[in-house]
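Taken together, the values in this text are just the output of simple stated rules run on the coordinates, not laboratory data. Quick caveat: nothing in here was measured; it's all calculated off a predicted structure. Using ideal geometry, Cβ is built from the backbone for each residue, glycine included, and neighbour counts are taken over all protein chains shown.
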Amino acid sequence: MAFDLTVTYSPKSVQKAKMSKIKLHNSKVRKKEIFEPIDPSNVRIYLCGPTVYDRAHLGNARNVILFDVLFRFFREIYGDNNVKYVRNFTDIDDKINQRAKDLGREIQVITDETIAWYLEDMSLLGNLLPNEMPRATDYVAKMIKIIEDLVQSGHAYEAEGHVLFSVKSFEDYGKLSGRSIEDMIAGARVEIAPYKADPLDFVLWKPSSNDLPGWQSPWGRGRPGWHLECSAMSHDLLGDTFDIHGGGNDLIFPHHENELAQSKCCFPSGGFANFWLHNEMLQVDGKKMSKSLGNFFTVRDLIDKGFPGEVIRFVFLSTHYRKPMDWTQEKANQADTIMRRWYDKCRDIKNATKPSSEATELLSDDLNTPGVIALLHKHFQNKNFVQLKADANLIGLMTPEFNDWSVNFDLSKFETALTEVRSEAMATRNFGRLDDLKEKLSDAGVEVQMTKDNIKLIPTLKFDLAKLEHIL
Ligand code: AMP
Ligand code: ZN
């Protein structure tokens, strides 16, 4: 076979040469490291996706938005066709089984419906589809093969119809999370069971009773443990070493620790993920938003209340992904006002230019999205609207995915009325009617911007069309 030694210098690679190196915080070493892809023509990233039994809560959107920014950034740097983004759907899980039982519905009806909701909600937040969205149910044969190999190589053992991974057989176990054995035993989601040789050993396969979903296997009818699917899918779709693996930092232990142990033991020549990217949690009153604590609201709740998806995205991007954050109405109001101002100047710009080097530099420094937003403000102040749009596009704002929610209301007749009332007030030095009109507009959720020669009305999140209609 002949080797192709030609090197093509596309504009993208020229730009890359000029750019500073990309630095990302790698949880594996707990610091920022220079990121170099294994293969710049095939950059591979994997995000642990949702367990599909119910609507996504707002916290679940955080890493989807983060990975969407990473995906867009990498496509910009390495080329649209040179980045492969995989995000799975966990459609085998005891919570799903329980849900089906509670509702008296078929499991697959629930998982299909939840997947459709999820894709719709994430799309409303401006996220591109990953290249691959594998489902656990399509990977059971591959999972069984991995377990067989692990048993054969002495990393797993069968006990009472279960197959368990032997944690002691992998000397690096605990390194990713940096936890001691005692901490891991005390930690969340470690199940003590009589058939385990060691309390830290985790389930690769477990038996299913007839009323539960199950697959035939060398260990009888059963189903896989949760961690195994990501090892199977990432290997199948991205190979035994890939660039970046991510998820919320609540997944580092045990989920990612266990994925890593399985994959390294089953595919010892590979390195699994070179970089581990973990986002901090969305919080409510200092506590992680979660289904189990009950302190959650869904993405759909917010959309139904009238928050535009783009405003929700803006709020997320305003905090760096490694900082905990809260959702507040105040942040949403601010984001809404800012986006409307920007759209007012940028709506008609059809062909945005390339992102600025300042914007790509900011993302090169561990995905500094708050920095990019500050840069967008600077572009606005400098009236550099073309660059504002291009740099906003880089982080997935003002993209064609959003269908211009900010132009639903034509307020020009109110602007004309206000202009007349103001002229009259200036002439008569009687400001009563003007103040009254301004107050009514503000009460209807409209921001009034007045300069000497111009009046501009901008709807805010509190915008109330019904109130507005009765003003004139
Ligand atoms: P789950 O369905 O709970 O397994 O979570 C799906 C994804 O959402 C995982 O990557 C979690 O890390 C992430 N996640 C769950 N809760 C939060 C939260 N409050 N803030 C940020 N990410 C979260
Ligand atoms: Zn996973």
note = To the nearest 0.05, the calculated FRET efficiency linking GLU182 and ASP94 through their beta-carbon distance, R0 being 35 Å, is 0.80
ask   = What FRET efficiency do you get for ASP436 and GLN283 if R0 is 56 Å and r is their Cβ-Cβ distance, rounded to the nearest 0.05?
value = 0.85
request  = Multiply the residue separation of GLU132 and GLU171 by 0.36 nm, subtract the distance between their alpha-carbon atoms, and state the gained length in nm to one decimal.
outcome  = 10.8 nm
remark   = Flagged as over-length at 20 Å C-alpha distance, from LYS95/LYS206; LYS331/LYS383; LYS31/LYS288; LYS196/LYS291, the pairs are LYS331/LYS383; LYS31/LYS288; LYS196/LYS291
key: ³J(HN,Hα), Karplus 6.51/-1.76/1.60, whole Hz, each residue of segment 261-267, x for Gly, Pro   = 4, 4, 5, 5, 7, 7, 10
key: Extension gain, LYS23 back to LYS354 (0.36 nm per residue minus Cα-Cα distance, nm)   = 117.0 nm
³J(HN,Hα), Karplus 6.51/-1.76/1.60, whole Hz, each residue of segment 429-436, x for Gly, Pro = 6, 10, 9, x, 5, 5, 4, 4
³J(HN,Hα), Karplus 6.51/-1.76/1.60, whole Hz, each residue of segment 112-120, x for Gly, Pro = 4, 5, 5, 5, 4, 4, 4, 5, 5
request  = Name the shape class, rounded, prolate or oblate, that the alpha-carbon gyration tensor gives for segment 306-407, where a ≥ b ≥ c are the square roots of its eigenvalues, rounded holds for a/c under 1.5, and otherwise prolate holds if a/b is larger than b/c and oblate otherwise.
outcome  = oblate
ask   = Say R0 is 25 Å: what FRET efficiency, to the nearest 0.05, do LYS467 and ASN295 get from their beta-carbon distance?
value = 0.15
note = Taking a ≥ b ≥ c as the square roots of the Cα gyration tensor eigenvalues, with a/c under 1.5 meaning rounded and otherwise prolate when a/b beats b/c or oblate if not, segment 34-282 comes out oblate
Packing-based exposure ordering (other Cβ within 10 Å, fewest first) of GLU259, GLU191, GLU76, GLU132 = GLU191, GLU132, GLU76, GLU259
Gain upon complete extension [GLU420, GLN216; 0.36 nm per residue less C-alpha separation] = 65.6 nm
message = Taking amide H atoms as placed 1.01 Å from N in the peptide plane, list the residues 5 or more away in sequence, or in a different chain, whose amide H sits under 5 Å from that of GLY248.
response = ASN279
query = How high is the relative contact order of the chain, in percent, counting Cα pairs under 8 Å that sit 6 or more residues apart?
reply = 17
inquiry  = Order these by the 10 Å Cβ neighbour count, fewest first: THR369, THR353, THR460, THR360.
reply    = THR353, THR460, THR360, THR369
inquiry  = For GLU33, GLU182, which order do you get if you count the other beta carbons within 10 Å of each Cβ and list the fewest first?
reply    = GLU182, GLU33
ask   = In nanometres, what is the gap between the two model label sites at LYS378 and ASP236, each 7 Å from Cα along Cα-to-Cβ?
value = 4.6
ask   = Summing +1 for each Lys or Arg and -1 for each Asp or Glu, what net charge is found among the other residues whose Cβ lies under 12 Å from the Cβ of GLU113?
value = -2
note = Set LYS378/LYS456; LYS350/LYS438; LYS264/LYS323; LYS378/LYS462; LYS23/LYS168; LYS23/LYS378, cut-off 28 Å on Cα-Cα distance; pairs above it are LYS350/LYS438; LYS264/LYS323; LYS23/LYS168
ask   = Classify the chain: rounded, prolate or oblate, from the alpha-carbon gyration tensor (a ≥ b ≥ c, eigenvalue square roots; a/c under 1.5 rounded; otherwise prolate if a/b is larger than b/c)?
value = prolate
inquiry  = What is the distance in Å between the Cα centroid of segment 399-472 and that of segment 125-193?
reply    = 59
Within straight-line cross-link reach of LYS413, aspartates and glutamates at Cα separation under 20 Å, skipping those fewer than 8 residues along the same chain = ASP344, GLU424, ASP435, ASP436, GLU439, ASP443, GLU447, ASP453, ASP464, GLU469
